[in-house]
Amino acid sequence: MTESNIESNSKMDKHAACPHVIILPYPSQGHINPLLQFAKRLAGKGLRPTVATTHYTTNFIRAPSVAVEPISDGFDDGGFAQARNEGNFLNSFKHNGSKSLSDIIGKYESTDHPVRCIIYDAFFPWALDVARRHRLLAAAFFTNSAAVCAIFSHIHGGTLSLPVAVSDKPLLLPGLPELNSGDLPGFLRAPESYPAYLAMKLNQFSNLDRADFVFDNSFQALEGQEAKSVAEKWPARLIGPMVPSAYLDGRIEGDKGYGASLWKPLTEPLTAWLGAREPASVAYISFGSMVSLTADQTAEIAEALLKGPSDFLWIVRETELKKLPEGFTEAVDGKGMIVPWCNQLEILAHPAVGCFVTHCGWNSTLEGLSLGVPMVAVPQWADQMTDAKFIEGIWGVGVRAKEDEFGIVRREELVRCLKEVTEGEKSLVIRKNVRKWKDLAKAAMDEGGSSDRAIDEFVKELMIDKGTC
Ligand code: UDP
């Protein structure tokens, strides 16, 4: 064996022993959570994960098995808030992030754990080019449902054209249920309404044919059919639900939270308040980290909660507080609590919580499903519309509140939905479905489950050299 053989073999051994992967999330709560969770899963299976995230967000990440490296988005002091709009932010991230990611890879090149693969948020397709420049493997990670990815894959592939017209008859795509106008992101009907966001969603597919791996945060029993329907264009391995292990298979010790909270959660007073309530007597309401409701919609929800059948815990982020109707906080009295941020998983897992009024962000949807909480879907935009369709119509784990002609869910409608998921015949069916999906989510992540096997295969493929590096 020549000296260079010996050197390259020992280099391969270093790769093979404990392959080092860099994980690059889009820096928002709904993207950091699943990608960080994936990093923890990979660490549990013998890989060495490093999460590369913006200077601003590094401060919030605490996960013992995962290293963190700062990357520049060009707005190192204030992150997204400093960028004037999404388009600016994405351009700057691409420009500064490519260089910064390259620097991180370079930093590890001569160590005993050089980087083997970049797992990048599909919002950042440029990361594939960085991986290629360094002769590394590249894996795209999608944080939406397989159904949503399938729709965008059809648009990208030309089998569905924009604007999507669904006024007379529902949209029929292979492997997907009939989709009506309200089940689709509004900007598919009016592409000009959010051009930067739409471009980003479609860009996810721009170089996907060159990715070595594609992952999606879903699971076979939930969306195997939807994923299969576009497998040629979108060959995703379903590896979810990326929810902390304590709520599923329990195989990662102490894994009770994502390990990244961009806001400080209020915990003690909430646990005490919930602890004093009957099982399944509280409605938990959250619209996630991004949605900003109109004052009109906020007022309707407020009135519905005051009139509704359950006590309630409502997450109203600080920036949204001013929209609460005058006198509301006083009127609430002991019936409810309004807090700016919480540990959502802990709340959903609490026995006092009996229903989840959700905006249907994909993480919240998977959390409700995995923790077995009946849902009232109040989607606001983008993928949330499609997730709501599946929550009510396909998985039967909740009901969807109907909007009036102004796009507002009125108080009477929300009260009707709250009653439907908590009282009467329909609530029994929903609860049965919820238990079924909770078990299936756990089974997918448990040893030998479909997602567990998909992750194992990836780890194995990384351990044996694929020959591209
Ligand atoms: N979340 C939380 N505390 C809250 C509200 C939300 O920890 O008070 C978490 C929630 O558990 C989920 C994420 O924030 O993991 C929101 O992601 P999702 O995809 O549901 O919605 P987005 O914020 O991206 O719209």
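Among the lysines, which fall within straight-line cross-link reach of LYS460, defined as a Cα-Cα distance under 20 Å, with same-chain neighbours fewer than 8 residues apart omitted?
Of all the lysines, those that pass the test against LYS460 - Cα under 20 Å, at least 8 places apart if same chain - are LYS11, LYS14, LYS40, LYS45.
Looking at the chain, what % of the alpha carbon pairs are farther apart than 36 Å?
28 percent
My understanding is that a pair violates if its Cα-Cα distance is over 25 Å; which of LYS335/LYS432; LYS228/LYS438; LYS233/LYS402; LYS169/LYS402 do that in this structure?
LYS335/LYS432; LYS233/LYS402
Can you pull the three principal axis extents for the Cα set of region 194-252, in Å, largest first?
40, 26, 21
With N set to the residue count of region 125-220, report its C-alpha Rg divided by 2.2 N^0.38 Å to two decimal places.
1.20
More than 17 Å apart: what percent of Cα pairs in region 34-106 qualify? Intermediate results must be reported in sequence, preceding the final value.
Details: 1266 of 2628 pairs.
Roughly 48 percent, once rounded to a whole number.
What spacing in nm lies between the two simple spin-label points modelled at ASP129 and ILE394, each 7 Å away from Cα in the Cβ direction?
3.4 nm
Give, in nm to one decimal, the length gained when the segment between GLU405 and LYS45 is fully stretched (0.36 nm per residue of separation minus the Cα-Cα distance). Write out the running numbers ahead of the final one.
Working: separation 360, 0.36 × 360 = 129.60 nm, distance 5.09 nm.
Extending this stretch completely gives an extra 124.5 nm.
Might you tell me the accessible area per residue for the chain, computed with a 1.4 Å probe and given in Å²?
42 Å²
How much length, in nm to one decimal, is gained on full extension between ALA272 and LYS233, taken as 0.36 nm per residue of separation minus their Cα-Cα distance?
Value of the extension gain: 9.1 nm.
For LYS99 and MET290, what is the calculated FRET efficiency with R₀ set at 41 Å and r taken between the beta-carbons, to the nearest 0.05?
On the way: r = 28 Å, r/R0 = 0.67.
Computed FRET efficiency for LYS99 and MET290: 0.90.
Quick one: which residues, 5+ away or cross-chain, put their amide H under 5 Å from the amide H of GLU69? H built at 1.01 Å from N.
HN-HN under 5 Å from GLU69: VAL51, ALA52, THR53.
Mind ranking 377-383, 355-361, 322-328, 60-66 by how tightly packed they are, going by the mean number of other C-beta atoms within 10 angstrom, highest first? Intermediate results must be reported in sequence, preceding the final value.
Values: 377-383: 23.3, 355-361: 26.9, 322-328: 13.1, 60-66: 16.9.
Put in order of decreasing packing, that is 355-361, 377-383, 60-66, 322-328.
Using 1/(1 + (r/R0)^6) with R0 = 45 angstrom and r between the beta carbons of ALA81 and GLU447, what's the FRET efficiency to the nearest 0.05?
The computed FRET efficiency comes out at 0.60.
When the accessible area of region 102-225 is split by element with a 1.4 Å probe, what percent falls to carbon and sulfur?
49 percent
Grab the beta carbon distance between LEU162 and TRP381, set R0 = 22 Å, and tell me the FRET efficiency rounded to 0.05. Please list the in-between numbers first.
Working: r = 16 Å, r/R0 = 0.75.
Computed FRET efficiency for LEU162 and TRP381 comes out at 0.85.
List, largest first, the extents of the alpha carbons of region 279-374 along their principal axes, each in whole Å.
So the extents along the principal axes, rounded to whole Å, are 36, 28, 18.
The values are calculated or read from the model by the stated rules, or taken from the named source; none is laboratory data. On a predicted model such as this, the values are computed, not experimentally measured, just so you know. With ideal geometry, Cβ positions are generated from the backbone for all residues, glycine too; neighbour counts draw on all protein chains shown. Just so you know, the surface numbers come from the protein's heavy atoms only, side chains and all, with ligands and any DNA or RNA stripped out. Shrake-Rupley method; radii C 1.70, N 1.55, O 1.52, S 1.80 Å.
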